[in-house]
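Worksheet for the structure shown next.
Rule-based calculations on the coordinates, nothing more; no lab input. Note that the structure is predicted; figures quoted are calculated from it, not measured. Because the Cβ atoms are built from the backbone with ideal geometry, glycine has one as well, and the counts that use them run over all protein chains shown.
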Amino acid sequence: MPPKEPRPSSHFRLNIGGKEAIGMFRECSGLDSETTVIEHTSIDDQGRPIVRKVPGPVKWSNITLKRGVDEDATLYEWRDQVLKEGPDSARVDGHIELVDYTGDKIAIWKFVQGWPLKYAGATLDPKSSEVAVEEIQICHEGLERE
């Protein structure tokens, strides 16, 4: 069977702490990591300085998800848990599924020990015809693609 061709992304599904489909999102960013570079200066056999670039710690970007506001307050409640009980109580493992227009999974990214560091509710403007959008930012301690 030939491999599947890339398909247009339609939306993302967030699953946290064993709860399935906490929300469907139209925008997701921050699925990346970066290794910090440490410059180490030493001296070669002829006494000349050499600068080596060695790997330092890995930094994970915060995951940002945006969606249209609906009746479900789970994202707000998760952030509220951080405010009332602290981030340790809100830490969960979770994953983000990229799904196509038919609902089929295209890719999955798993994150470890995530908690919401920011929640932004909708900007309310009665003159606007735009859909109200909420945003959540999740910090975490590791990310892998399945």
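Only residues that are part of a strand (DSSP E or B), of a type outside the set (D, E, K, R) and either on the phi > 0 side of the Ramachandran plot or loosely packed, with under 15 Cβ neighbours inside 10 Å (or both) were counted in the range 120-146, giving 1. What about W115, is it in contact with a Pro (Cβ under 6 Å, 6 or more places away or on another chain), touching a residue at least 12 places away in the same chain (Cβ under 8 Å) and surrounded by 13 or more Cβ atoms within 10 Å (Cβ to Cβ)? Yes; evaluated as a whole, the condition is true for this residue. Selection of first residues in the range 91-106 that are in contact (Cβ under 8 Å) with a residue 60 or more places away in the chain and farther than 11 Å from L14 by Cα and of second residues that are of a type in the set (V, I, T) and buried (at least 18 other Cβ atoms within 10 Å of the Cβ), restricted to Cβ pairs under 6 Å at least 6 apart or on distinct chains, gives the following pairs, ordered by first then second residue: V92/I16.
Looking at V99, V92, just one residue is surrounded by 17 or more Cβ atoms within 10 Å (Cβ to Cβ) and either among the small types (G, A, S) or in contact with a Lys or Arg (Cβ under 7 Å, 6 or more places away or on another chain) (or both), and that residue is V99. The set of residues in the range 30-73 being polar (S, T, N, Q) and closer than 17 Å to F111 by Cβ consists of S33, S61, N62, T64.
For the range 28-76, a residue qualifies if it is free of Cβ contacts under 8 Å to residues at least 24 places away in the same chain and either in contact with a Pro (Cβ under 7 Å, 6 or more places away or on another chain) or among the hydrophobic types (A, V, I, L, M, F, W, C) (or both), and the qualifying residues are T36, V37, I38, T41, I43, I50, V51, V54, A73.
So, R26, is that one closer than 25 Å to R91 by Cα and of a type in the set (K, R) or not? Yes; evaluated as a whole, the condition is true for this residue.
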